[in-house]
Amino acid sequence: QNLRKIHPDFDELVRGILEKDREGKIIFVESNFTEITKTLKLRLKVKLEALAERIIFIKRLTPPDYLSLVYHADVVLDTIHFSGALTAYDTLGLGKPVVCLPEDLARSRYTYALCKELDLNELIATDNDSYINLAVKLANDKVFNQEVSKKILSKVDKIFENFSAVKELEDFFEMAIIGNL
């Protein structure tokens with residue numbers, strides 16, 4: 001969704017996935033800012049050489065087309081160093097797997113938190129190799145992918161129909177207005 005989140009460290013994960021999955025393709029949605037897209041394309045071409053030919057950049061999509069893209073993806077890759085929270089909600093809401101690799105900083109843990117909330121530990125990588133292996137397994141092992149998708153769909157209401165956070169905010173605002181904070 002946001003090419004500015006594609007840190008150069010992520011390039012090695014892309015390399016590993018494309019090396020391990022010789023038929024795999026990775027799709028990025030272009031930025032609204034052409035320079036950001038151009039810069040990333042050039043960086044990937046230089047760093048990944050021939051592998052970069054299997055990276056596809058597509059134009060920005062309407063919301064329904066974007067959701068269709070996610071729905072038809074085998075797996076969605078959460079970026080490292082700066083997680084994609086809205087993308088993770090969209091992906092999980094469609095019952096699709098998203099691979100994440102959490103780090104210490106909060107900005108890298110949004111997708112991780114959603115996976116933990118849904119008890120989807122199988123989507124949480126522990127290092128670069130496990131991230132690569134998990135992404136490739138989800139892309140190529142259709143039975144595993146379907147099992148994970150079924151598990152997501154059986155639990156996803158937990159993140160969309162959870163009113164405890166709403167109640168906590170309601171209580172906070174009542175206390176703030178009354179002055180009991």
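The values are calculated or read from the model by the stated rules, or taken from the named source; none is laboratory data. Just so it is clear, the structure is predicted and the values come from calculations on it, not from any experiment. Every residue, glycine as well, gets a Cβ built from its backbone with ideal geometry; the counts of neighbours run over all protein chains shown. Calculation scope for accessible area: heavy atoms of the full protein, side chains included, ligands and nucleic acids excluded. Shrake-Rupley method; radii C 1.70, N 1.55, O 1.52, S 1.80 Å.
Details
- Ser108 passes every criterion in (1) within 22 Å of Asp90 (Cα to Cα); (2) out of contact with any His (no Cβ under 8 Å at 6 or more places or on another chain); (3) without any contact (Cβ under 8 Å) to a residue 40 or more places away in the chain; (4) among the polar types (S, T, N, Q) apart from (2).
- Enumeration of residues in the range 85-110 that are farther than 18 Å from Val75 by Cβ and hydrophobic (A, V, I, L, M, F, W, C): Leu105, Ala106
- Restricted to the range 46-81, and to residues there that are within 11 Å of Thr111 (Cβ to Cβ) and in contact (Cβ under 8 Å) with a residue 24 or more places away in the chain, the residue that is surrounded by the most Cβ atoms within 10 Å (Cβ to Cβ) is Asp78.
- Scope the range 123-141; condition open to solvent by 30 Å² or more (accessible area, probe 1.4 Å) and in a helix (DSSP H, G or I); matching residues: Asn128, Asp129, Ser130, Asn133, Lys137, Asn140
- Count of the range 5-16 residues which are out of contact with any Leu (no Cβ under 8 Å at 6 or more places or on another chain) and part of a helix (DSSP H, G or I): 6
- Some residue of the range 144-154 being open to solvent by less than 70 Å² (accessible area, probe 1.4 Å), farther than 23 Å from Lys20 by Cβ, in contact with a Lys or Arg (Cβ under 8 Å, 6 or more places away or on another chain) and not in a strand (DSSP E or B): yes
- Some residue of the range 107-117 being assigned to a helix (DSSP H, G or I) and at pLDDT 95 or above: no
- Residue match in the range 21-30 (condition: part of a helix (DSSP H, G or I), surrounded by fewer than 16 Cβ atoms within 10 Å (Cβ to Cβ) and not acidic (Asp, Glu)): no
- Each residue in the range 156-170 was checked for being open to solvent by 60 Å² or more (accessible area, probe 1.4 Å) and either acidic (Asp, Glu) or in a helix (DSSP H, G or I) (or both), and 10 pass.
- Tabulated pairs, the range 2-22, first of a type in the set (Lys, Arg), second part of a helix (DSSP H, G or I) and modelled with pLDDT of 95 or more, C-beta under 7 angstrom, 6+ apart or interchain: Arg4/Ile36; Arg15/Leu48; Arg15/Leu51; Lys20/Ile132; Lys20/Val136
- Within the range 84-97, being outside any helix (DSSP H, G or I) and either in contact (Cβ under 8 Å) with a residue 60 or more places away in the chain or open to solvent by 70 Å² or more (accessible area, probe 1.4 Å) (or both) holds for Gly84, Gly95.
- Within the range 58-82, tally of residues that are in a loop (DSSP other than H, G, I, E, B) and under 14 Å from the mean Cα position of the chain (by Cα): 8
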